[in-house]
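*Asks:* One structure, as structure tokens, below. Some questions next.
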Amino acid sequence: MSKLMIVDDELDVREYLKNFFKRRKIDVITAESGEEALELIGTHQPDLMLLDVRMAGIDGVETLRRIRGTGNTVKVIMVTGVEDKDMLKPLDDLNISSCIHKPLILEELEKEVLQRLMTK
């Protein structure tokens, strides 16, 4: 079974997406912060991560920088409401799979997730 980690500081977003993807037979782990994601990633070894850019504490960009710094090559879809290209610029060097913009369109998100999970 494929494993997806959802990292978002909004509980309703985490729970909604968790239920959405569990109905599609995907094992889902959630984290409410970049710090929690960093703690869980080694233990759970997800195939794919949905990572929110803007979060309290360390943001998604810094979280991904730290993940990559450990040599982890997990596939990552960044989730952002940010239109600020300067904030997203560091992502160019961090090997993301794609970037999805909020508000989330579930059909688009589902397509991206399933496509990434099928190409393990």
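*Asks:* Please compute the length gained on full extension between E108 and Y16, using 0.36 nm multiplied by the number of residues separating them and subtracting their Cα-Cα distance.
*Replies:* Gain in length upon complete extension: 31.6 nm.
*Asks:* Filter the trypsin sites (Lys or Arg not before Pro) in region 21-51 to those in DSSP coil with at most 11 other Cβ atoms within 10 Å of their Cβ, and list the result.
*Replies:* Details: sites: K22, R23, R24, K25; in loops: R23, R24, K25.
Qualifying residues, ordered by number: R23, K25.
*Asks:* What percent does the relative contact order of the chain come to when contacts are Cα pairs within less than 8 Å and at least six residues apart? Walk me through the numbers before you get to the answer.
*Replies:* On the way: 176 pairs, mean separation 27.2, N = 120.
Reported relative contact order: 23 percent.
*Asks:* Say the dipole of the chain comes from +1 at the beta carbon of Lys and Arg and -1 at that of Asp and Glu; which of T43, T119, G71 then lies farthest toward its positive end?
*Replies:* Going by the Cα projections, it comes out as T119.
*Asks:* Shape verdict for the chain, please, from the Cα gyration tensor: rounded (a/c under 1.5), prolate (a/b greater than b/c) or oblate.
*Replies:* Rounded, since a/c falls under 1.5.
*Asks:* Determine the gain in length on full extension of the stretch R23-T70; use 0.36 nm per residue of separation and subtract their C-alpha separation, reporting nm with one decimal.
*Replies:* 13.7 nm
*Asks:* May I ask you to list the GluC sites (Glu not before Pro) in region 1-53 that are in a DSSP loop and have at most 14 other Cβ atoms within 10 Å of their Cβ?
*Replies:* Passing both the DSSP loop test and the Cβ count: E10.
We did not get these values from a lab; they are worked out from the coordinates using the rules stated. What you see is a predicted model, and the numbers here were worked out from it, not measured in a lab. Positions of Cβ are backbone-derived with ideal geometry, glycine not excepted, and every protein chain shown enters the neighbour counts.
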